[in-house]
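Heads up, the thing below is written out as structure tokens.
A short reminder: the numbers here are calculations on the coordinates, not readings from a lab. In this text, all values refer to a predicted model and were calculated from it rather than measured experimentally. For neighbour counting, all protein chains shown are included, and Cβ atoms are generated from backbone atoms with ideal geometry for every residue, glycine included.
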Amino acid sequence: MTTLNIIGCGRAAKTLARLWQRQRAIDIGAVLTRSHAGALDACRFIGGGRAVARIADMGPADLWLLGVPDREIEGVARRLAACGSIRPGEGVFHLSGFSSSALLEPLGAQGAGVASVHPVLSFAEPDRAVEQFGGSLCGVEGSPDLCVQLTRLFATIGGNCFPLDAGHKPLYHAGSVFASNFLVVIMDVARKAYLAAGVAPDVAERLLAPLASATLANVIERGARVSLTGPAARGDHDVVSAQQLAVAKWSDEAGDAYAALTALAYRLAAEPLACD
């Protein structure tokens, strides 16, 4: 069975490892995190693996997963290359949607296959992510042979891999940030605006949920242009201007966001409808 060593077993890495362990798709080998206690906790969550405290203790593996933050990927790759931990023919991949597999080139130069796979899913709660992962899209780029191997490996846990252009990953990842991270921020600003306007907390929650849920459903089912409503969609500039002043008076940052999003809303409203 293919063996996998993991360096940096955060929420995404341990979710994937648990799924592979549960499907018996792979043999989880050594697990290294910032602390030995963290590695032990990760192994308990995964249901397998061997917690280690140093790279030198990891031993060989067919595949290596670097689940570290973007800023640490290249440094870890250089450390692995310097200590000769990875042999020619082994595969190394990371999970970043922003950084390309080029950060692993020190290992590629030594004969390893290098790649990245970006699962498009929120891993905020690993227990929930384990149950939600099936059907998730996963962007993959890197060494062709390793990409094929990883595509098959992710398929065993329900992942659907698609090819990414490594040169455009920052813009690709920004799309996910808009769709996920910024959506959270916008919902938080909306909640705080309701409260600042004197709406009771329980009423604010009741306002947010159906409005946001229905809007998201419309965008997914019908597209953004048809789903856009409100004063910007109607071209009601007086209302937009007055509202901009009210928001800016309440919060400078929210006022700036309102202005930027309104400009984009005007641009979207000017796009022709599909039926035009």
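Working ranking of peptides 188-197, 15-24 by packing, defined as the average number of other Cβ atoms within 10 Å per residue, highest first, is 15-24, 188-197.
All C-alpha pair distances within the chain, sorted into 10 Å bins from zero, spread as 6, 24, 27, 18, 16, 8, 1 percent across the bins.
About the Cα centre of the chain, what is the dipole size in debye to 20, counting +1 per Lys and Arg Cβ and -1 per Asp and Glu Cβ, all else neutral?
660
Going by alpha carbons, how many degrees (0 to 90, nearest 10) lie between the helix axis of 237-250 and the longest principal axis of the chain? Helix 237-250 sits at roughly 60 degrees to that axis.
Residues M187, M1, M58, ranked from the fewest to the most other C-beta atoms within 10 Å, line up as M1, M187, M58. The stretch between A242 and R54, if pulled fully straight at 0.36 nm per residue, gains 61.7 nm over its current Cα-Cα span.
Between helix 182-196 and the chain there is an angle of about 40 degrees, using the helix long axis and the longest principal axis of the Cα atoms.
Quick check on the range 116-199: take the gyration tensor over C-alpha atoms, sort the square-rooted eigenvalues as a ≥ b ≥ c, and tell me if it's rounded (a/c under 1.5), prolate or oblate. Cα axes put the range 116-199 in the oblate bin.
With everything on Cα atoms, drop me the angle between helix 252-270 and the longest principal axis of the chain, reported from 0 to 90° to the nearest 10. Helix 252-270 sits at roughly 80 degrees to that axis. Here the chain carries DSSP beta bridges of which approximately 20% are antiparallel, counting only pairs with both residues inside.
For the range 39-133, what does the alpha-carbon gyration tensor say about shape, rounded, prolate or oblate, given a ≥ b ≥ c as the root eigenvalues, a/c under 1.5 as rounded, and a/b over b/c as prolate? The shape class here is oblate.
Where a ≥ b ≥ c are the square roots of the eigenvalues of the C-alpha gyration tensor, would you call the range 158-276 rounded, which needs a/c under 1.5, or, failing that, prolate if a/b is larger than b/c, or oblate? Prolate shape, in that a/c is at least 1.5 and a/b is the bigger ratio. Only Cα pairs within less than 10 Å get springs; with that Gaussian network setup on the chain, which residue of L153, L63, L245 has the largest fluctuation? Maximum among the listed residues: L245.
For the options G29, G135, G230, a Gaussian network treatment of the chain with springs between C-alpha atoms closer than 10 Å singles out G230 as fluctuating the most. Rg of the Cα atoms in the range 3-164, relative to 2.2 N^0.38 Å, amounts to 0.93. For the peptides 202-210, 39-47, the ranking by mean Cβ contacts within 10 Å, running from highest to lowest, is 39-47, 202-210. Cα centroids of the range 91-160 and the range 242-266: 38 Å apart.
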